[in-house]
Amino acid sequence: MDLDLSQYGLKPLGRIVGETTHSNIFFTASRPPKVGEYVIIDYSSSPMTVEGLESKYVLAIVESSIIGNPALSSTRLRTEYVDRASMFELERIEYNMGFARLLGWIEPLIEKKSLITPKYPPKPGTQVYEASPEVLNKIFFRDYKDGWIRIGVLVNHPKVPVYVNVNSIVSRHLAVLAVTGAGKSNTVGVLVDEIVNKLGGTVLVIDMHNEYSKIAGEKATREVDPKIHPVKLTIYEWYQLLSLDPKASKQRLYLRKAIRELRKEGLDKREPDKFYDNLIDRIEKYLREYKEDSKSIADLKNKLDELQERYGGRVLSADAPTSIEAAIEPGKANIFKLGSMSEDVADVVTYHYLNWLLSERKDYVMTRGKKGYPVPVLVVVEEAHILIPQKRSTLTKEAASRIAREGRKFGIGLCLVSQRPKNIDEDALSQTNNKIILKLVEPSDQRYVQRATETLSEELLQLLPSLNTGEAVILGMMTPLPALVKIDKARHKTGGTDIRAHEEWVTWKTSTSREGDEYDPYNMMEF
C-alpha cells in the first residue's frame with residue numbers, strides 16, 4: 001500500500017526536534033498543537049514492511065502542548081518589563097512545541113489490521129503532519145456487524161465517530177471512572193443502549209440508586225425487583241443478611257445446625273414455601289432446649305424476625321425466580337433495582353445472581369448448549385466501590401473476582417462504574433483491561449487508576465482534571481487507538497444529573513399558591 005498524503009488532505013504541521021525514541025517525540029509546530037489530537041510522522045526515508053504492507057507513516061497522539069517566547073523565558077521578570085516588551089510584537093518570535101506518543105504504523109490501521117508499534121525512532125527534522133478527518137475516519141470507522149458500537153466522536157475532530165468493540169469489553173472487562181457529574185451515567189446509558197438495540201445483546205445492570213429505569217428504551221428495558229427464595233440461600237449468604245460476623249460464633253453455629261437439619265429432613269423440598277417459618281420454629285425449639293445459650297439463640301431469632309419484617313416478600317420471597325432466564329431476560333437491559341436495600345442485602349442479592357449466572361453460563365458452554373443460560377451477558381456494577389471495596393471483604397467482591405478471572409471463557413463481561421476509583425478493589429480494577437476515564441480531580445484517584453492501567457501515560461494522567469463534562473480518555477483493546485472522546489448523549493434518560501433545587505422550589509411554590517395570589521418567584525426583597 002502506498003499512502004498518498006494528498007489523497008487524504010494532510011497538511012504539514014511541523015518537524016521533529018531534539019532526541020527521539022521509538023515511543024516519544026518533540027516537535028515544533030506552526031500552531032499550538034491540541035492535546036489529544038493525532039499527528040502523522042513521515043518515516044518514508046526508512047519505511048518498514050508491516051503485515052505485508054510497505055509502511056511509511058506512523059500515527060501519534062499529542063499529549064502535551066507548549067508555547068514559548070525566548071524574550072520572556074525567565075520566570076523572574078518584573079511586570080513593567082513584560083508590559084513594555086509586549087509593545088514590540090513579541091508574538092513574532094513565539095514558538096509552539098508538542099510532545100507526542102507514537103502509537104503505530106498507519107497503513108495497517110487503515111486496513112483494519114493490528115496496531116503495530118514502531119521499533120526504531122524517527123530522525124530529527126522529520127516532517128510532522130496534521131491527521132486529517134479523512135485519515136482518522138478510515139482508522140476509526142468500524143461496523144456493527146463485527147461487534148462494534150458507537151460511543152462518541154473525537155474531541156478534536158467532531159466529524160470523526162469513535163467505536164468500541166463489545167467482544168473486547170465482554171472478554172477483557174471495562175471500568176467507567178469519573179467524579180460525580182462528569183458523565184458516568186450518560187456513558188453507561190450510551191453503551192447499554194447500543195449493545196441492546198444495535199446488537200441484540202443482554203445486559204444486567206446492578207443499579208444501587210434506581211437511576212436506570214429506561215436505559216435502553218421502553219421495550220428493551222426490563223426493571224427487576226430481584227428476589228431470592230430462602231431455600232436457595234447459602235449459609236454464607238445467611239450470615240451476611242443477618243450480619244453474623246465471625247465473632248458471633250454461637251449464632252452461626254445454631255443457624256447452620258437448623259438449616260442442615262431442615263435439609264436433612266427434606267423440608268426444603270417438601271415445604272419450600274414454608275422454609276423461613278420452619279427455620280424460625282427450629283430456632284425457637286433450640287431456645288427451649290439449650291438454656292445455656294439462650295441469649296445467643298434469642299438474638300439470632302430477633303435478627304431472623306427483623307429480616308423477615310423488613311425484607312420478607314420483597315427480597316426473600318417464595319415467588320422469587322426459579323430460573324435465571326426469568327430474572328435476566330436475554331436480549332434486554334435488565335435493571336436490578338437495589339435502591340431500597342441496605343448495602344449488606346444488596347451485596348447478598350448481587351453475589352447470589354452473579355454466582356448463579358456464572359454457573360449457568362458454565363453449564364451452557366460445557367454442555368454445548370444443552371442446558372444453562374443461552375447468551376453472553378455484560379454485567380454493569382454501579383457504585384462498584386461499595387460492592388467491590390478495597391479495604392474490606394464482601395460477597396460480591398468474591399463473585400466479581402471469579403468473573404474477572406473466568407468470565408471471558410464463559411461469556412460474562414464485567415463493567416465497574418465508580419466515582420471513587422481508589423476505593424475499588426485494586427485486583428478487580430486491574431483486570432478491567434478497558435477504561436473509559438472521564439474527569440478525575442483527586443490526585444490519589446488518578447494515581448490509583450494509573451497503577452491499574454498499563455497504557456495511561458503521565459501526560460494523559462495530567463489531562464484528566466481538565467476534561468469537560470462528557471469528555472473521556474478511552475484506552476484498551478476495545479478501541480483501535482487511545483482516544484480523547486466526547487461521549488454521545490444517551491437517547492434515553494439516565495440518572496446521575498444534579499437536581500436544580502431552585503427550580504423545584506419555584507414549581508412547588510407556584511403550584512401551592514392560592515388562586516388569585518400574585519407570585520413572582522424572582523422578586524428580590526429589599527433589606
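The values are calculated or read from the model by the stated rules, or taken from the named source; none is laboratory data. Since this is a predicted model, take the numbers as computed values, not measurements. Here Cβ is always computed from backbone atoms with ideal geometry, including for glycine, and neighbour counts include all displayed protein chains.
Worth a mention:
- Ala404 being in contact (Cβ under 8 Å) with a residue 60 or more places away in the chain and under 24 Å from Val192 (Cα atoms): yes
- Members of segment 407-427 found to be surrounded by fewer than 24 Cβ atoms within 10 Å (Cβ to Cβ) and part of a helix (DSSP H, G or I), listed by number: Arg408, Lys409, Phe410, Lys422, Asn423, Glu426, Asp427
- If only residues of segment 142-165 that are over 29 Å from Ile16 (Cα atoms) and in a loop (DSSP other than H, G, I, E, B) are counted, the one that is modelled with the highest pLDDT is Gly147.
- Identity of the residue in segment 333-392, small (Gly, Ala, Ser) and at positive phi, that ends up farthest from the chain's Cα centre (by Cα): Gly369
- Search result, residues across segment 132-155 that are of a type outside the set (Asp, Glu), within 21 Å of Val377 (Cα to Cα), without any contact (Cβ under 8 Å) to a residue 40 or more places away in the chain and surrounded by fewer than 22 Cβ atoms within 10 Å (Cβ to Cβ): Lys145
- Any hit, segment 290-298, residues being crowded, with 18+ Cβ neighbours inside 10 Å and among the basic types (Lys, Arg): no
- Residue that is surrounded by the fewest Cβ atoms within 10 Å (Cβ to Cβ) [pool: residues in segment 174-194 that are part of a loop (DSSP other than H, G, I, E, B) and either outside the structural domain of Val449 (by TED's automatic domain parsing) or of a type in the set (Gly, Ala, Ser) (or both)]: Gly181
- Residue in segment 82-98 that is outside any helix (DSSP H, G or I) and surrounded by 19 or more Cβ atoms within 10 Å (Cβ to Cβ) present: yes
One line per residue, one yes/no per condition, for (1) buried (at least 16 other Cβ atoms within 10 Å of the Cβ); (2) at pLDDT 95 or above:
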residue: Lys264; (1), (2): no, yes
residue: Asp268; (1), (2): yes, no
residue: Glu271; (1), (2): no, no
residue: Arg282; (1), (2): yes, yes
residue: Ala318; (1), (2): no, no
residue: Ser323; (1), (2): no, no
residue: Ile328; (1), (2): yes, yes
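- Within segment 314-337, residues that are under 10 Å from Lys227 (Cβ atoms) have Cβ atoms under 7 Å from residues that are aliphatic (A, V, I, L, M) in these pairs: Val315/Ile228; Val315/Met341; Val315/Val345; Val315/Val349; Leu316/Ile228; Ala320/Ile228; Pro321/Ala327; Ala327/Val224, counting only partners at least 6 apart in sequence or on another chain.
- Selected residue [at pLDDT 95 or above, more than 24 Å from Thr350 (Cα to Cα) and surrounded by fewer than 21 Cβ atoms within 10 Å (Cβ to Cβ)] from Lys257, Lys247: Lys257
- Exactly one residue out of Thr469, Thr497, Thr453 is more than 15 Å from the chain's Cα centre (by Cα), at pLDDT 80 or above and among the polar types (S, T, N, Q): that is Thr469.
- Across segment 454-471, the qualifying residues are those that are of a type outside the set (A, V, I, L, M, F, W, C) and within 14 Å of Leu438 (Cβ to Cβ), and the one among them that is surrounded by the most Cβ atoms within 10 Å (Cβ to Cβ) is Glu471.
- When each of Lys198, Lys219, Lys214 is tested for being touching a residue at least 40 places away in the same chain (Cβ under 8 Å), in a loop (DSSP other than H, G, I, E, B) and over 13 Å from Glu382 (Cβ atoms), the lone residue that passes is Lys214.
- The listed residue being touching a helix residue (DSSP H, G or I) at 6+ places or on another chain (Cβ under 8 Å), in the same structural domain as Val166 (by TED's automatic domain parsing), under 30 Å from Ser23 (Cβ atoms) and modelled with pLDDT of 95 or more, out of Ile436, Ile412: Ile436
- Of the strands (runs of 3 or more DSSP E) lying entirely inside segment 5-61, those containing at least 1 residues that are at pLDDT 95 or above, closer than 19 Å to Gly125 by Cα and within 34 Å of the chain's Cα centre (by Cα) span 24-29, 38-42.
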